[in-house]
Amino acid sequence: MRLRSEIQREASIDELLEHEAVEHDEDYAGKYAFGSPTLKFSRDYAWQVNDHVYKKGTYIRGFLKRRLFEVLDLNNLAGKKVLDAGCGNGQHAVFLAMYGARVSGFDLSPVGVKMAEAMAEANGVSDLCEFGIANISELPYDDEEFDLIVHNAVLHHMLKYPNVREETFRVLKPGGRVIIVEGIRENPIYRGARTIKDFITRNELDLGDVDLEMKDILEFTQGFTEVHFERRCLVEGIKEGIGRYYSNGRLTRGILYVAKRTDDVLLKLFPGLEKYCTEIVAWMRKPSVADCNKAVGNNSSDL
């Protein structure tokens, strides 16, 4: 993966959109719900798969997604309008709809959108889900339409396009929230593990992915209020050199357990090490009318 500026120098926006649509069509073909062999899944299954990586059958970023679920406050989503940006095969949108949210999802991939529609139907939430092909630079939604927008591991694709923050801000209601989960590529352990893995597998640099830095996240948060960051995964960054799923292998899971517990101790004793963590959950709020009126009042009192 490369920095945003490098990718933008090498390809036009149209070339990037075409490349990414083809790439994700291939990725989503036959990719079912949370690594399962079917489109249908339960809420309990989604919670089980998305847990600490040292547990059997979990996903490489399972706990990152679990934190997303927790921050989303799923039990209070009923009736809220949610946008799943870069929805992929729709698994997360369908999961949110299972809690009563009215979810819109978009992706560049026609295959992903078809999978999402099929998954919503298989899980009985088609009436709560709407999917379409779109790109983040020109969202086909009304101003202030959504109560909540989820950028679930998609900013490392999207930030090479223009107007990502502006479009997110536009379609979000005043007082609405944005939640982001992402990987940050400033950890030397992570970089080393990825270098080794890419050398072994002979992976080519991916035109579609941006090597995100914390400054990219900070830039995105401009204009929002009540911004929170939660960073994790320090020594545990070694998992990046191992693989995606860990359904087997006690030794591997044992090593990852030790890495997780080491992180717990190090980050408690030395909070400053957070800047080297490879995963981040961020949540923020769009200022409400009351916030804006309060700001105007404060400015007036200063005159």
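The values are calculated or read from the model by the stated rules, or taken from the named source; none is laboratory data. Just so you know, these numbers come straight off a predicted model, no measurement behind them. Methodologically, a virtual Cβ is constructed for each residue, glycine included, from the backbone with ideal geometry; neighbour enumeration extends over all protein chains shown.
Summary of values
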| quantity | calculated |
| --- | --- |
| Those residues of segment 143-166 which are in a helix (DSSP H, G or I) and out of contact with any helix residue (DSSP H, G or I) (no Cβ under 8 Å at 6 or more places or on another chain), in sequence order | H156, E166 |
| Selection count where residues are part of a loop (DSSP other than H, G, I, E, B), touching a residue at least 40 places away in the same chain (Cβ under 8 Å) and either touching an Asp or Glu at 6+ places or on another chain (Cβ under 8 Å) or not β-branched (V, I, T) (or both), scope segment 22-57 | 12 |
| E18 being acidic (D, E) and modelled with pLDDT of 80 or more | yes |
| Residue list for segment 55-87, filter: crowded, with 16+ Cβ neighbours inside 10 Å, within 22 Å of V171 (Cβ to Cβ) and among the aliphatic types (A, V, I, L, M) | L68, V71, L72, L74, L77, V82, L83, A85 |
| Some residue of segment 58-70 being part of a loop (DSSP other than H, G, I, E, B), aliphatic (A, V, I, L, M) and at pLDDT below 90 | yes |
| Hits in segment 110-125 - residues which are within 18 Å of G86 (Cα to Cα) and free of Cβ contacts under 8 Å to residues at least 12 places away in the same chain | K114 |
| Meets criteria (in contact with a His (Cβ under 8 Å, 6 or more places away or on another chain), hydrophobic (A, V, I, L, M, F, W, C) and modelled with pLDDT of 95 or more) for A85 | yes |
| Residues (among the aliphatic types (A, V, I, L, M) and surrounded by 15 or more Cβ atoms within 10 Å (Cβ to Cβ)) located in segment 122-136 | A122, V125, L128, A134, I136 |
| Entirely in segment 197-303, the helices (runs of 4 or more DSSP H) that have 2 or more residues that are crowded, with 16+ Cβ neighbours inside 10 Å and either modelled with pLDDT of 85 or more or out of contact with any Cys (no Cβ under 6 Å at 6 or more places or on another chain) (or both) | 214-220, 250-269 |
| Meets criteria (surrounded by 18 or more Cβ atoms within 10 Å (Cβ to Cβ) and within 22 Å of G223 (Cβ to Cβ)) for L139 | yes |
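Rundown of residues vs (1) β-branched (V, I, T); (2) over 19 Å from the mean Cα position of the chain (by Cα); (3) in a strand (DSSP E or B), yes/no style:
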position	(1), (2), (3)
S104	no, no, yes
V113	yes, no, no
A120	no, yes, no
I136	yes, no, no
Y141	no, yes, no
